[in-house]
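Each remark here refers to the structure printed beneath this line.
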Amino acid sequence: MKKILFLATTIIITFSACKKKDVPVTPAPLTTYLSKEIYPNLGTFTWAYNAQNKLSNIVFASENEAANKSYTYIVNNLDAEGKVLDATYDYVSAARADIKVVNTYTADGLLAQTRFTDLATGALLYYDNYIFTGTLIKINNYNALNARTGYSLSTLSADGKNTTETKVFNNSDVLQYTNTYNNFDNIKAAQSLFPKGIYGPLPRTNNYLSQVYTNAAGVPTTYTYTYEANTDGFTTKRISASGAINTFEYIKK
């Protein structure tokens, strides 16, 4: 009798264990991170992240050191939301002074100012102030003497997700040039993964299929692009009409 009870108990336990094993476990969703940007005739940007999957640095390997020095952009501090508070441009060339970047934000989390100082001496080099008014962003540029050197006016799309036009002026309010961005697609731009505070406040969620550059004389030049995307909907290639290809790579974790 004991043997029969033992067998029955074993069957019940085994059946229960099987039932538990049959319950599907949903894995945590993976997040996409930008890992590399490759621009012909400029260079390659390689992105790295810390154990908390926050940006730790960007290594820029230049294709032309005379025109653009190689550096590592080191993130020193992020806030709880992942916005960059301060960072360092650590240049490979000893001839180029390293630069410290400090961002400040409004109470609403908008970028208010970016200051650039000499890392070794602490001397102010230049800074930019940002003013948000509806779908318009004004960027005022200042030199080390706190004198304004120029400014730009950028218009955003109605939903605020993309920049549709940027006009650049000198300090005498003379228009220098205009960039107009048209025909946005539904592909997610690599720039949509940039943390706040890296390259200014202008948003870029999707790709524009055409860009019109108009110089100070009012002469326009139009550039057209096509794009390729991965299965997650992120841009992997931007192909210009001239045949130049910008490439973007990602990781998921």
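Observations
- The residue that is nearest to the chain's Cα centre (by Cα), counting only those in the stretch 149-162 that are assigned to a strand (DSSP E or B) and surrounded by 13 or more Cβ atoms within 10 Å (Cβ to Cβ), is Asn162.
- Exactly one residue among Val75, Val92 is under 23 Å from Ala190 (Cβ atoms) and either touching a helix residue (DSSP H, G or I) at 6+ places or on another chain (Cβ under 7 Å) or not charged (D, E, K, R) (or both), and that residue is Val75.
- Hits in the stretch 221-239 (condition: over 19 Å from Phe184 (Cβ atoms) and touching a strand residue (DSSP E or B) at 6+ places or on another chain (Cβ under 9 Å)): Thr221
- Pairs, first in contact (Cβ under 8 Å) with a residue 24 or more places away in the chain and within 30 Å of Leu209 (Cβ to Cβ) in the stretch 168-180, second among the hydroxyl-bearing types (Ser, Thr, Tyr) and part of a strand (DSSP E or B), C-beta under 6 Å, six or more apart: Thr178/Thr214; Asn179/Thr166; Asn179/Tyr213
- The set of residues in the stretch 193-237 being under 21 Å from Leu153 (Cβ atoms), within 13 Å of the chain's Cα centre (by Cα) and among the polar types (S, T, N, Q) consists of Thr205 alone.
- Residue pairs meeting the criteria (Cβ under 8 Å; at least 6 apart or on separate chains; first within 10 Å of Thr114 (Cα to Cα), in the stretch 192-203; second acidic (Asp, Glu) and modelled with pLDDT of 95 or more): Gly200/Asp128
The values are calculated or read from the model by the stated rules, or taken from the named source; none is laboratory data. What you see is a predicted model, and the numbers here were worked out from it, not measured in a lab. Here the Cβ is made from the backbone with ideal geometry for all residues, glycine too, and neighbour counts use every protein chain on show.
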